[in-house]
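Structure record follows, encoded as structure tokens.
Rule-based calculations on the coordinates, nothing more; no lab input. Here the structure is a predicted model, which means the values were calculated and not measured. Every residue, glycine among them, receives a Cβ derived from its backbone with ideal geometry; neighbour counts consider all protein chains shown.
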Amino acid sequence: MTFAEHYLARHDFLPKIREHPHRQTGIIVVVPACNEPDLLHSLHSLRCCVQPSCAVEVIVVVNHAVNADEGVKRQNEQTLHETQLWAVQHSVERLHFHVICAFDVPEKSAGVGFARKTGMDEAVYRFNLLNAPNGVIAGFDADAKCDADYLSAVECCFIRPDINGASIYFEHPVEGNEFPSEIYEGITLYELHLRYMNQALRYCGFPYACHTVGSSFAVRVSAYVKQGGMNRRKAGEDFHFLHKIIPLGNYGEINATRVIPSPRISDRVPFGTGACMRQWINEGAVALYTYPIEAFDALKAFFALIPEFYADSGRKIQTLCSTLPQPIREYLEQNDYLCRIRNVYENSASAENFRKRFWTWFDALQVVKYLNRSCRTCPKQPVEVAARCLLQRMEQRDCHFTAKELLMIYRRMEREIEPKTSIRK
């Protein structure tokens with residue numbers, strides 16, 4: 001019995017690619033594409049990568065909903081034809097491009113989550129044909145580019161057989177002539193927000209703090225199958241999927257290469273890069289406000305109490321939590337925290353097991369809910385203000401940097417200080 005047989009049967013999977021995969025296929029890159037006139041630039045970027053020791057496939061999923069605009073459908077028809085022709089012309093023995101047509105998807109299912117799942121499940125099937133549970137599925141975007149060492153860096157990370165997944169270092173372009181100056185200004189603030197959030201969560205002690213960007217991740221196919229595969233969410237599919245993988249442990253951060261996502265405006269999803277850029281243009285700076293450091297200070301105080309919760313009475317836990325800052329105290333009280341912690345304790349055989357189960361309860365989604373609730377007492381603020389405050393907390397010095405200078409500092413913090421491939425246990 002092959003490793004993914006049950007998964008494929010449970011999802012009623014039917015393959016869409018006829019050609020058998022190369023017997024040494026080790027990486028399959030999945031690229032969802034909808035209304036993408038410049039898709040071939042992204043595929044060319046992958047085509048120009050240094051070839052790793054394994055064979056590689058790229059699966060493009062050209063997709064749209066049944067109720068999509070006629071202009072989108074025409075563009076997708078053109079994209080499908082051009083990409084199929086390009087794939088034939090540019091595929092070689094150890095780097096093969098495939099194109100899947102997913103047109104007129106029911107409105108309820110259509111979206112980027114559906115497209116990613118379609119391609120990633122196809123990758124599962126192809127690795128299953130090879131009985132290769134150690135294969136790697138990489139997420140990419142149809143408007144992204146990458147450095148030439150992208151594929152070899154992914155392969156290098158997953159040489160360790162215990163690695164379940166990894167986030168890949170990314171940098172949006174923040175200057176140039178391709179986009180108007182206001183787009184570069186907006187994407188600087190948006191990426192600073194992403195990096196501030198990542199570092200703020202690490203600062204407060206959250207163990208699953210990692211970037212969850214759809215164009216910049218890779219996952220072991222066996223872990224993908226174990227955790228039930230990609231979801232069909234119309235947005236945020238990457239966040240929800242990767243936060244099923246990260247808690248497995250042995251999650252990597254690949255900093256030796258770079259993905260370059262586009263800063264363009266988009267109306268395809270309700271939130272994310274393209275949507276934030278649209279809001280930035282329409283609403284100005286308030287569209288890119290972020291959570292203040294005080295919200296994370298409160299979270300940090302709560303997380304510091306976790307060792308005290310094990311084997312203690314509810315009364316002592318209540319006393320400890322009564323001293324917490326207002327934002328987290330109010331959130332806990334409204335979410336029956338004593339019952340939750342008691343349930344975690346009753347199902348834990350040891351302090352270590354308690355700690356792990358605690359994070360199963362207070363997971364990334366719980367953190368997001370808390371942060372949104374905290375805005376009632378800690379209103380959002382300009383991202384450069386929050387990023388300066390966090391830097392002051394971490395480096396114990398005054399910071400008077402511009403937003404762009406702050407972004408460069410945060411980039412170095414994540415790429416240069418940490419090992420080229422760091423592993424979160």
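Numbers below:
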item: Using alpha-carbon coordinates, inclination of helix 112-129 to the longest axis of the chain, degrees; result: 70
item: Gaussian network model of the chain, springs between alpha carbon atoms under 10 Å - residue of A223, A153, A301 with greatest fluctuation; result: A301
item: Degrees separating the helix 293-304 axis from the principal Cα axis of the chain, which is the longest one; result: 80
item: Candidate aspartates and glutamates for bridging to K73, where Cα separation is under 17 Å - those fewer than 8 sequence places away on the same chain excluded; result: E36, D38, E82, D104, E107, D267
item: Residues W86, W280, W361 arranged by fewest to most Cβ contacts within 10 Å; result: W361, W86, W280
item: Residue order, fewest to most surrounding Cβ atoms within 10 angstrom, among H193, H6; result: H6, H193
item: Contour minus Cα-Cα distance for T402 and L320 (0.36 nm per residue); result: 25.6 nm
item: Sum of -39500 (n - 2.57) over DSSP H runs of 4+, divided by residues of the chain (222 nm, nearest 500); result: -14500 deg cm²/dmol
item: Once the Cα gyration tensor of the range 219-312 is diagonalised, semi-axes √(5λ) in Å; result: 30, 24, 14
item: The range 293-374: projected area of the alpha-carbon convex hull, averaged over directions, in nm²; result: 4.8
item: Helix axis angle, 351-361 relative to the chain longest principal axis, alpha carbon, degrees; result: 70
item: Residues listed by number, the range 173-196, amide nitrogen under 17 Å from D38 label point at 7 Å toward C-beta; result: 173-188
item: Translational diffusion of the chain, µm² s⁻¹ [Kirkwood Rh, Cα pairs; Stokes-Einstein; 20 °C; 1.002 mPa s]; result: 94
